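See structure below.
The values are calculated or read from the model by the stated rules, or taken from the named source; none is laboratory data. No experiment lies behind these values; they were computed from the predicted model shown. Positions of Cβ are generated from backbone atoms using ideal geometry, with glycine treated the same way; all protein chains shown enter the neighbour counts. Accessible surface is based on the protein model in full, side chains and every heavy atom, while ligands, DNA and RNA are left aside. Shrake-Rupley method; radii C 1.70, N 1.55, O 1.52, S 1.80 Å.
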Amino acid sequence: MLSITVSKEIIEGCQSNNRSSQEDLYKLCYSEFMKICLRYTETYDDAANVLHDAFIKILTKMNAVKNSSDAVGWMK
């Protein structure tokens, strides 16, 4: 179970394409999301590629997040 809490400010910043907020979100979620990616891939490099692709999708569709408390579940 993920134990990440994303603040409303980070979500709103990402929705506004604020690069600093996007970096904060990436740093906040990286280790937990990487663990998930490693479960489904054979190598660390493959997992890193999957995570990178996932974050591109997450950040381009961030406006779908309506509530910061739902953000981690939505990203997952």
Pair list, Cβ < 8 Å and 6+ apart or interchain, from the stretch 55-73 residues that are without any contact (Cβ under 8 Å) to a residue 60 or more places away in the chain to residues that are in a helix (DSSP H, G or I) and open to solvent by 80 Å² or more (accessible area, probe 1.4 Å): Phe55/Tyr26; Ala64/Trp74; Val65/Trp74
The residue that is farthest from Ser3 (Cα to Cα), considering only those in the stretch 53-62 that are surrounded by fewer than 13 Cβ atoms within 10 Å (Cβ to Cβ) and β-branched (Val, Ile, Thr), is Thr60
Specify the residue that is least open to solvent (accessible area, probe 1.4 Å); the eligible residues are those in the stretch 1-43 that are within 17 Å of Ile56 (Cβ to Cβ) and in contact with a Cys (Cβ under 9 Å, 6 or more places away or on another chain). Leu25
With Val50, Val72, Val65 as the choices, which residue is under 17 Å from Thr5 (Cβ atoms), in contact with a Ser or Thr (Cβ under 9 Å, 6 or more places away or on another chain) and β-branched (Val, Ile, Thr)? Val72
Within the stretch 33-53, which residues are closer than 20 Å to Ala64 by Cβ, in contact (Cβ under 8 Å) with a residue 12 or more places away in the chain and either touching a strand residue (DSSP E or B) at 6+ places or on another chain (Cβ under 6 Å) or not aliphatic (A, V, I, L, M) (or both)? Phe33
Going through the stretch 36-45 in order, the residues found to be modelled with pLDDT of 95 or more and under 19 Å from Met75 (Cα atoms) are Cys37, Leu38, Arg39, Tyr40, Thr41
Positions within the stretch 42-70 being hydroxyl-bearing (Ser, Thr, Tyr) and touching a Leu at 6+ places or on another chain (Cβ under 8 Å), in sequence order: Tyr44
